[in-house]
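Participant: Pasting a structure below so you can have a look.
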Amino acid sequence: MDNVRDVSEAVAVVTDIHANLTALEAALDRIEAMGIERVFCGGDLVGYGPHPNEVCALIQARAIPTIYGNYDYAIARDEQDCGCAYVTAHERELGEQSVAWTLAHADRQSKDFMRGLPFDARFRVGEVHVHLVHGSPRKVNEYLFEDKPATLYERLAAAERDPVLVFGHTHKPWVHSYGGVLFVNCGSVGKPKDGDPRGGFAVLAAGATGVDVTIERFAYDAVAVAAAVREAGLPPEFADKLVAAA
């Protein structure tokens, strides 16, 4: 897909919002306060959180260029499997409850919006070309963790035509260069898993030698969102993890 968009000297990339409207609003407020005019979204708008329709509506209203995450792909097509990886049977049970709740509460407008999203996007930061995917360029639900072997990233770099690859899905931010490609995991706006309850997003800015990357963290009212998760009838563990971010 050759959907390259010309952009300004600084770009923010949000991903893994997971129906956390309050976190998304806080992220967009921070981006605006930083003077960044262009925002891209790396998907997973829904799942786990209480406001799938409101998140989709806000992304649409702001006309934020967005790709689909594995959760978006499944919910848009009324599929029961979100393509998530589970370590234990209990985690799988919780995941199935999340999918069932989201299928029941995401409205047709939201599902139609997510169904129309592309797999990836390309844009420029200054003169540098950037490739945005959700999981990896190979699969929407591939987990690219920081501690995976360097050989994996060198193989991905060899197949990548752009010098910067931006992604999410793991909810754990990291930045590293392999094989001449800068890998940028944005973390998660609405469901961080790195022990820091603050939301996060990536900022890419044109630098003297290419692209400079920072992971911005922001506070939001996670306690209020946790209460909304419980009130919505979602598993209470989802609420607890928002506050602890463990």
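The values are calculated or read from the model by the stated rules, or taken from the named source; none is laboratory data. All values derive from a computational prediction rather than experimental measurement. Glycine also receives a Cβ, built like all others from the backbone with ideal geometry; neighbour counts cover every protein chain displayed. In case anyone asks, the SASA skips ligands and DNA or RNA and just uses the protein heavy atoms, side chains included. Shrake-Rupley method; radii C 1.70, N 1.55, O 1.52, S 1.80 Å.
Participant: Hey, among Val166, Val140, which residue is in a loop (DSSP other than H, G, I, E, B) and surrounded by 22 or more Cβ atoms within 10 Å (Cβ to Cβ)?
Facilitator: Testing whether each residue is in a loop (DSSP other than H, G, I, E, B) and surrounded by 22 or more Cβ atoms within 10 Å (Cβ to Cβ) leaves just Val140.
Participant: Would you confirm, using the coordinates I've provided, whether Glu79 is part of a loop (DSSP other than H, G, I, E, B), of a type in the set (D, E, K, R) and open to solvent by 10 Å² or more (accessible area, probe 1.4 Å)?
Facilitator: Yes.
Participant: I'd like the residue in segment 195-232 that is touching a helix residue (DSSP H, G or I) at 6+ places or on another chain (Cβ under 7 Å) and not in a helix (DSSP H, G or I) and, out of all such residues, is farthest from Gly35 (Cα to Cα).
Facilitator: Once the filter is applied, the top-ranked residue is Pro197.
Participant: List every residue pair whose Cβ atoms sit under 8 Å apart, with the two residues 6 or more apart in sequence or on different chains, where the first one lies in segment 137-162 and is modelled with pLDDT under 95 and the second, anywhere, is open to solvent by less than 30 Å² (accessible area, probe 1.4 Å).
Facilitator: Going by the 8 Å Cβ cut-off, there are no qualifying pairs.
Participant: Could you list, in sequence order, the residues of segment 188-203 that are out of contact with any Leu (no Cβ under 9 Å at 6 or more places or on another chain) and open to solvent by less than 40 Å² (accessible area, probe 1.4 Å)?
Facilitator: Ser188, Asp196, Gly200, Phe201, Ala202, Val203
Participant: Look through segment 3-35, keep the residues that are part of a loop (DSSP other than H, G, I, E, B), farther than 23 Å from Lys172 by Cβ and in contact with a strand residue (DSSP E or B) (Cβ under 7 Å, 6 or more places away or on another chain), and return whichever of them is modelled with the highest pLDDT. Give the derivation first.
Facilitator: Start the filter on segment 3-35 by keeping residues that are part of a loop (DSSP other than H, G, I, E, B), which leaves 3, 6-9, 15-20, 34-35.
From what is left, the residues that are farther than 23 Å from Lys172 by Cβ are 3, 6-9, 35.
Now narrow it down to the ones that are in contact with a strand residue (DSSP E or B) (Cβ under 7 Å, 6 or more places away or on another chain): 3, 6-9.
On the way: Asn3: 46, Asp6: 49, Val7: 48, Ser8: 65, Glu9: 90.
Of everything passing the filter in segment 3-35, Glu9 is modelled with the highest pLDDT.
Participant: Testing Ala208 on (1) within 18 Å of Glu146 (Cα to Cα); (2) surrounded by fewer than 20 Cβ atoms within 10 Å (Cβ to Cβ), one condition comes back false. Which one is that?
Facilitator: With respect to (1) within 18 Å of Glu146 (Cα to Cα); (2) surrounded by fewer than 20 Cβ atoms within 10 Å (Cβ to Cβ), Ala208 is out only on (1).
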